[in-house]
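Chemist: Sending over a structure as structure tokens; questions will come in a sec.
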Amino acid sequence: MPTARNSPWKVLTGPAGLCLILFVAALLRIDGVGFGLPALNDADEPLFMATAVEMLSKPTLNPGWFGHPGTVTFYSLMLVVLLVGGLGILTGRFADFDTFAASVYTDPGIVFLPARLMMVAFGVACVWMTWRLGKQLGGNRIGLVAAAILAVNAVHIEYSQIIRTDVQASLFMLLCAQSALAIAQDGRRRDYLFAGFFAGLACATKWPGAVVGVTLIGACLCRWRSGVAEWRDFVFSGLAAAATLFVVSPFLLIDHATVLQNLSGEARPLHPGATGGGLFDNLGWYIAGPLFSSLGIGGLLLVGGGLVWGAGDRHRWAWVILPFCLTFLCLIAIQSLRWERWIVPLLPFAALAAARALCAMADWLPAPRARVALPVALGLLLIPMVVTERLEAAGRRQDTRQAASAWLRDHAPRGSRILIENPAFDLLDEPWQLLYPMGSAGCVDVHDMLAGRIGQSEVEDRRQGGAIVDVGHVDMARLDSCRADFAVVTNHIRYRADRVHFREALRRYDRLLAGGRLRLVVRPEPGISSGPEVHIVELARPPAAPAVRRAAGYD
């Protein structure tokens with residue numbers, strides 16, 4: 001019979017427990033990380049990677065796009081591309097960089113998979129940092145419980161597998177929060193410096209990352225409340241944040257006209273499927289949506305309780321962490337749009353809140369019972385979270401857009417013209433002419449587009465401020481360039497849900513699809529497949545102009 005000193009629970013609360021949590025976190029994030037490849041199902045992934053490749057090809061350090069602003073992510077992706085390309089050239093797979101770049105455009109998985117693995121590393125680092133923050137706030141027990149909760153969180157895992165700025169910015173925000181907690185404890189100048197440095201990196205990665213500065217304000221007020229005024233160090237930290245931002249992303253100043261243009265585009269009030277409903281409606285959406293789906297009802301209740309009550313250092317939680325959480329949540333809730341990914345930076349702090357509440361509940365029990373009750377309660381919390389994550393991971397492997405591609409392979413004759421709205425790189429080798437909507441340019445031949453290597457800046461110009469690159473934003477005068485044998489469309493269903501705001505986009509779909517025959521509808525099934533609803537329409541040839549358009553746009 002194991003002694004208390006050598007009991008399994010005692011072992012798991014030591015370094016072995018942290019290693020196990022990090023291993024599970026890495027395993028869940030690596031599993032299925034190649035989903036969709038060589039097709040690109042996330043709308044923004046190809047734009048991030050194309051920008052990084054374009055910067056290397058020119059060469060330039062100016063991304064030419066600052067919507068997120070994403071500068072740290074672009075530079076990180078450039079390093080990945082350089083490493084992959086350099087290794088390929090050294091091993092003889094590619095003759096030179098131009099050959100490598102051409103190969104990337106025809107087989108994106110060459111660089112997309114390594115880039116996604118880099119994001120996985122950032123996601124696992126977030127789990128580790130969550131443990132460190134929990135340890136600062138209340139010891140190893142809170143840190144381990146919080147890290148375990150984040151390790152299996154379905155939303156965090158999903159965005160740790162996608163080339164975006166969210167998880168990367170989240171890590172810098174956690175590092176800043178760690179320095180802020182150290183300031184509240186000791187007030188060392190170096191912690192002020194680190195807090196400013198990481199806040200600057202967070203902002204250079206994603207604009208809302210600047211909100212993590214609230215932790216610094218809270219730490220400084222906490223010190224002032226205890227009788228120590230360190231306003232010079234606070235100003236010093238703010239200057240360090242600003243200096244870091246502009247040293248890391250100097251083109252924010254050099255190319256400020258593009259910055260303003262991109263910010264105005266990102267501030268659009270409408271987006272199909274993502275238009276918000278005001279502060280309280282958006283708050284309800286975030287709580288009942290991504291938070292509930294990834295934490296479950298038990299986890300959500302623990303988070304609510306842990307925000308205002310829990311084990312550990314309640315003083316620093318109340319002054320440093322809680323104000324940031326509430327400020328960030330309100331910031332994303334007052335936006336015109338709402339996105340699941342915007343909640344990602346809050347997930348580590350939600351895990352910390354749940355851990356505080358769970359450990360406080362265990363502290364009510366006598367020590368022998370608490371040693372058993374805490375792991376049992378944690379297991380009951382984590383099991384449904386893992387089930388949810390596994391179902392969502394399985395769904396990502398079976399995307400509706402790949403199902404549409406499979407249908408085309410079986411039914412589209414050789415030489416067909418195929419209009420498709422998603423970056424279907426998995427169809428490049430098929431014997432068809434592929435068309436892709438490009439705003440003011442109309443629908444362009446995909447092979448010609450790839451040969452010209454159209455980058456992010458050119459896409460931004462051609463989309464003319466449109467929320468999405470799709471048929472709904474093609475210049476009406478250029479709509480005839482989209483005539484094809486088959487149209488694979490995904491966004492018109494979302495537009496039809498809000499006809500008032502998107503009537504002009506619907507006009508384009510109705511004109512293009514009029515008289516066409518619906519051949520296939522692919523809908524996502526929870527736990528089985530994911531993606532948007534996809535329609536494959538066999539278009540009328542020659543195009544007809546019916547006297548009365550049907551509501552659906554096709555027969």
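Chemist: Nearest 10 degrees is fine. How inclined is helix 503-513 to the longest principal axis of the chain, computing both from alpha carbons?
Modeler: Helix 503-513 and the main axis of the chain meet at about 50 degrees.
Chemist: Please state the shape class of region 400-538: rounded when a/c is under 1.5, otherwise prolate if a/b exceeds b/c and oblate if not, all from the C-alpha gyration tensor. Please report the intermediate quantities before stating the final value.
Modeler: On the way: a/c = 1.40, a/b = 1.08, b/c = 1.30.
Because its axes are fairly even, with a/c under 1.5, region 400-538 counts as rounded.
Chemist: Hey, another quick one. Evaluate the charge dipole of region 400-538 about its Cα centre and quote only its size in Debye, nearest 20, assuming +1 on the Cβ of each Lys and Arg and -1 on the Cβ of each Asp and Glu.
Modeler: 440
Chemist: Looking at Ala50, Ile383, Trp407, which one has the Cα that reaches farthest to the positive end of the dipole of the chain (charges on Cβ: Lys, Arg +1; Asp, Glu -1)?
Modeler: Checked the options; the winner is Ile383.
Chemist: Once you order the gyration tensor axes a ≥ b ≥ c over the Cα atoms, which shape class does region 286-342 get: rounded for a/c under 1.5, otherwise prolate or oblate by comparing a/b with b/c?
Modeler: It is oblate, given that a/c is not under 1.5 and a/b is not larger than b/c.
Chemist: Leu279 versus Val372, label points 7 Å from Cα toward the beta carbon: distance in nm?
Modeler: Inter-label distance under the simple model: 4.8 nm.
Chemist: Additional query: Each residue of region 436-441 in turn: what ³J(HN,Hα) in whole Hz from Karplus with 6.51, -1.76, 1.60 and θ = phi - 60°, glycine and Pro shown as x?
Modeler: With coefficients 6.51, -1.76 and 1.60, one gets 9, x, 9, x, 5, 7 Hz.
Chemist: Ok, one more. How big is the charge dipole of the chain about its Cα centre, in debye rounded to the nearest 20, if each Lys and Arg gets +1 on its Cβ and each Asp and Glu gets -1 on its Cβ?
Modeler: With only Lys, Arg, Asp and Glu charged at Cβ, the dipole is about 1500 debye.
Chemist: Moving on. Taking H as built 1.01 Å from N, whose amide H comes closer than 5 Å to the amide H of Leu520, not counting residues under 5 places away?
Modeler: Under 5 Å from the amide H of Leu520 lie the amide H atoms of Ile536, each far enough along the sequence or on another chain.
Chemist: Calculate how steeply helix 347-363 sits against the longest principal axis of the alpha-carbon atoms of the chain, using the helix alpha-carbon long axis, and give the answer as 0 to 90 degrees to the nearest 10.
Modeler: 40
Chemist: To the nearest Å, what is the center-to-center distance of region 122-141 and region 143-196, using C-alpha atoms only?
Modeler: Taking the Cα centre of each part, region 122-141 and region 143-196 sit 8 Å apart.
Chemist: Additional query: Give the long-range amide H neighbours of Asp399: residues separated by 5 or more places, or on another chain, with amide H under 5 Å away, using H modelled in the peptide plane at 1.01 Å from N.
Modeler: Under 5 Å from the amide H of Asp399: Ser530.
Chemist: Compute the Cα gyration tensor for the chain, then decide on rounded, prolate or oblate, letting a ≥ b ≥ c be the square roots of its eigenvalues: rounded whenever a/c is under 1.5, prolate when a/b is larger than b/c in the other cases, and oblate in all that remain.
Modeler: On the way: a/c = 1.90, a/b = 1.66, b/c = 1.14.
Prolate, since a/c reaches 1.5 and a/b exceeds b/c.
Chemist: Give me the percent relative contact order of the chain, please, defined on Cα pairs under 8 angstrom at least 6 residues apart. Numbers along the way, then the final one.
Modeler: Details: 939 pairs, mean separation 85.1, N = 555.
Result for the chain is 15 percent.
Chemist: So, one more: Using alpha carbons only, how many degrees (0 to 90, rounded to 10) separate the axis of helix 322-333 from the longest principal axis of the chain?
Modeler: That helix lies at roughly 20 degrees to the long axis.
Chemist: Follow-up. What list of ³J(HN,Hα) couplings, whole Hz, do you get for region 161-168 from phi and the Karplus terms 6.51, -1.76, 1.60, once you set θ to phi - 60° and write x for glycine and proline?
Modeler: Coupling constants for region 161-168: 10, 10, 7, 8, 8, 5, 6, 5 Hz.
Chemist: Under the Karplus relation 6.51 cos²θ - 1.76 cosθ + 1.60, θ = phi - 60°, what is the ordered set of whole-Hz ³J(HN,Hα) values for region 314-320, x standing for Gly and Pro?
Modeler: For region 314-320, the Karplus curve yields 6, 5, 5, 4, 5, 8, 9 Hz.
Chemist: Hey, what number do you get for the chain at 222 nm if only DSSP H runs of n ≥ 4 count, each worth -39500 (n - 2.57), divided across all residues, to the nearest 500?
Modeler: Calculated from helices alone, the mean residue ellipticity at 222 nm is -18500 deg cm²/dmol.
Every number in this text was worked out from the coordinates using simple rules, so none of it is lab data. Keep in mind it's a predicted model, so treat the numbers as computed, not measured. Glycine gets a Cβ as well: all are built from the backbone with ideal geometry, and neighbour counts include every protein chain shown.
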